[in-house]
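Presented below is the structure to which this report refers.
The values are calculated or read from the model by the stated rules, or taken from the named source; none is laboratory data. No experiment lies behind these values; they were computed from the predicted model shown. Neighbour counts are summed over all protein chains in view; Cβ atoms, including those assigned to glycine, are modelled from backbone coordinates with ideal geometry. In case anyone asks, the SASA skips ligands and DNA or RNA and just uses the protein heavy atoms, side chains included. Shrake-Rupley method; radii C 1.70, N 1.55, O 1.52, S 1.80 Å.
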Amino acid sequence: MQHHLHQHMIKRTFLFVFFIFFSCNISDEKILIHNVNVIDPLDGISKNTNVEISNNKISKVGKKTSIFYSKKIDGSGKYLIPGLWDSHVHLYFDQELAKDMPMLFLKFGITSIRDTGGDFNFLDSIKKLSEKYPKSYPRLKISGPLIDGKFNVYNGERLPNLSVKTENVKETESVVNKLIASGADFLKAYEMLSPEQFEIIMKIAKKKKINVTGHIPLSMDIETASNLGLNSLEHIKNLELWATKDKNELLKERRGMMKNTRDLSGLSLRGMIHSTQKNYAINNLDENETIKIYNALYKNSTWQIPTISIYKVPIYKIFKSEYWIENLKYLPKKTRETWKKRIDFSNDKIDPKQKDFSDWIQKTTGEMYDYGIKFMAGTDTPLGFLIPGFSLHTELELLVESGMSELDALKSATINPSRYFKMENDLGLIKEGYIADLILLNKNPLNNIKNTLDIYAVIKDGKVYKEPMRAD
Ligand SMILES: [Zn+2]
């Protein structure tokens, strides 16, 4: 009896020590997602897999599992994908709504955002918050303001001042150097730049190894811009002006207009050029010119962010549909009421010229995809009544509608933007050592891309948020 008790005590002490040892180990939260279908953007689906998360990293992916974890999520019948990027966002466009946007993004599984234009200090302050509290904010990459020319488009007239006006090459150079020194993650070149101004941006960016995105400046041609090293093109903007047999006549006409003898504002001047040339161009396309452009974009790996949703949702008046109105409920009250009023006030006629353009964007997206050109999913939220977070899922749907496979649509919002920012070894895949930004879905998005909206839980930097949105 005595002996037995003694043995028992030793056993208990051993167990106790054993317990202390492991509880130290698991005191930093270890989460097991058990028996889940993992969808890795590169490897595709692997069924009934266990995924372990330690702190903010994926620590294990496989059939076997450790015995010790502090939390277990039953993944049976569910699908795990990496957290999504919205690669075209303007937080500064609505500074009031910007306070709620980070949480809205997380709610819809958007764990990283690429802000493509706005006041640098405003954006940098949100970026610093996201770095300080990575579990409660989406990751943020910022370009700062659109770098524009003498007649800058977003000059604060009617629309928020998203740009910086640069009168000449010297000014452009100094703005670029300042932005890079302040910590911009990439740069955005805009439409009213002169070819010389664009060239100086590319020259400095190359030296400083920073990406440049943008619209093709109206004064120069797309192949030159791509050859100069433009890393990405937003909205396929101004490609059509070069995909027509009349490209040189159009350039001549544009350069004339850009002298701006009527002294228009940048916004009106660009509006006039677009309305004179864009629909003409898509109605007079030339196959050889188009192929030449696709070739250059492919050869130079110029990423495409077609933002189909910023065309289709307003142009097809999708925002007036019951489906869209219903989803306005996610917006904060003040924004919801303002948007609702403006939506009610807007007419529901579809403009045939605009419709042609939206259709051309989708057709071009499909063609470029078939050509092997690379994509990132982005929206332009909160412009065009695009609901932050929610509308990225609309974009995925529209990419698939344009001909992209479901898996490639997922790539465009996960590993592709990671590659763009050289984070592909840390973020965007479901592999050991990757950051634990994940979405647990109730249904398979490879069967229907709409299933990315059927969210069971979002995991940001290892923290689990269960739907309806609360920290778990
Ligand atoms: Zn934009």
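Okay, residues lined up against (1) buried (at least 16 other Cβ atoms within 10 Å of the Cβ); (2) in the same structural domain as F105 (by TED's automatic domain parsing); (3) under 30 Å from K99 (Cβ atoms):
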| residue | (1), (2), (3) |
| --- | --- |
| K132 | no, yes, yes |
| F151 | yes, yes, no |
| L162 | yes, yes, yes |
| N168 | no, yes, no |
| F186 | yes, yes, yes |
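Restricting attention to region 334-349, the residues that are open to solvent by 100 Å² or more (accessible area, probe 1.4 Å) and closer than 14 Å to D94 by Cβ total 2. Among the residues making up region 343-381, those that are touching a residue at least 24 places away in the same chain (Cβ under 8 Å) and of a type in the set (S, T, N, Q) are S346, Q354, S358, Q362, T364, T365, T379, T381. Contact map, region 29-47: residues that are over 13 Å from P82 (Cβ atoms) and among the hydrophobic types (A, V, I, L, M, F, W, C) paired with residues that are in a strand (DSSP E or B) and open to solvent by 50 Å² or more (accessible area, probe 1.4 Å), Cβ distance under 6 Å, separation 6+ or inter-chain. Pairs shown: L32/K72. So, S66, is that one of a type in the set (G, A, S), away from the ligand (no atom under 14 Å from the Cβ), crowded, with 17+ Cβ neighbours inside 10 Å and free of Cβ contacts under 8 Å to residues at least 40 places away in the same chain or not? No: the conditions fail for S66. Selection of region 291-344 for residues being more than 16 Å from the ligand (Cβ to nearest atom) and touching a strand residue (DSSP E or B) at 6+ places or on another chain (Cβ under 9 Å) yields L297, T302.
Against the conditions (1) aliphatic (A, V, I, L, M); (2) touching an Asp or Glu at 6+ places or on another chain (Cβ under 7 Å); (3) in a helix (DSSP H, G or I), I113 satisfies every one except (3). The single condition among (1) surrounded by fewer than 24 Cβ atoms within 10 Å (Cβ to Cβ); (2) not assigned by TED's automatic domain parsing to the domain that holds M423 that V51 does not satisfy is (1).
When region 129-153 is filtered for residues that are part of a loop (DSSP other than H, G, I, E, B), among the polar types (S, T, N, Q) and out of contact with any Ser or Thr (no Cβ under 8 Å at 6 or more places or on another chain), only S136 remains.
Restricting the search to region 229-246, which residues are of a type in the set (K, R) and more than 10 Å from P306 (Cβ to Cβ)? Talk me through it step by step, then tell me what you get.
The first filter runs over region 229-246 and keeps only residues of a type in the set (K, R), leaving 237, 245.
Scanning region 229-246 gives a single hit, K245.
Which of the following residues is open to solvent by 30 Å² or more (accessible area, probe 1.4 Å) and either farther than 22 Å from I222 by Cβ or outside any loop (DSSP other than H, G, I, E, B) (or both): N260, N279, N327, N288? Exactly one residue qualifies, and that residue is N288. Residues in region 142-153 include none that are of a type in the set (V, I, T), farther than 30 Å from N260 by Cα, without any contact (Cβ under 8 Å) to a residue 60 or more places away in the chain and away from the ligand (no atom under 16 Å from the Cβ). Residue pairs whose Cβ atoms lie under 7 Å apart, separated by 6 or more positions or on different chains, with the first residue in region 105-132 and on the phi > 0 side of the Ramachandran plot and the second open to solvent by 10 Å² or more (accessible area, probe 1.4 Å) and away from the ligand (no atom under 16 Å from the Cβ), are G109/I455. Against the numbered list (1) outside any loop (DSSP other than H, G, I, E, B); (2) under 30 Å from A243 (Cα atoms), K349 comes up short only at (1).
The condition (being over 22 Å from S87 (Cα atoms), assigned by TED's automatic domain parsing to the domain that holds G384 and within 16 Å of the ligand (Cβ to nearest atom)) is satisfied by just one residue among R270, R255, R262: R270. Residues in region 406-429 that are open to solvent by less than 30 Å² (accessible area, probe 1.4 Å) and either of a type in the set (S, T, Y) or assigned to a helix (DSSP H, G or I) (or both): how many? Within region 406-429, residues that are open to solvent by less than 30 Å² (accessible area, probe 1.4 Å) and either of a type in the set (S, T, Y) or assigned to a helix (DSSP H, G or I) (or both) number 9. For G156, the conditions (1) within 21 Å of the chain's Cα centre (by Cα); (2) in a loop (DSSP other than H, G, I, E, B) all hold with the exception of (1).
Of everything in region 372-393, what is more than 13 Å from the ligand (Cβ to nearest atom), buried (at least 24 other Cβ atoms within 10 Å of the Cβ) and of a type in the set (V, I, T)? Give them in sequence order. Answer for region 372-393, where residues must be more than 13 Å from the ligand (Cβ to nearest atom), buried (at least 24 other Cβ atoms within 10 Å of the Cβ) and of a type in the set (V, I, T): just I387. Number of residues in region 433-472 that are open to solvent by 30 Å² or more (accessible area, probe 1.4 Å) and either part of a strand (DSSP E or B) or in the same structural domain as V61 (by TED's automatic domain parsing) (or both) equals 5. Taken over region 358-371, the criterion of being under 19 Å from A296 (Cα atoms) and surrounded by fewer than 18 Cβ atoms within 10 Å (Cβ to Cβ) is satisfied by K363, G366, E367, D370, Y371.
The residue list D119, D115 contains one member that is open to solvent by less than 40 Å² (accessible area, probe 1.4 Å), among the acidic types (D, E) and out of contact with any Gly (no Cβ under 6 Å at 6 or more places or on another chain), which is D115. In region 237-265, the residues that are more than 19 Å from D148 (Cα to Cα) form Cβ pairs under 7 Å with partners that are in a loop (DSSP other than H, G, I, E, B) and not charged (D, E, K, R), at six or more places apart or across chains, as follows: T244/N284; K245/N284; D246/N284.
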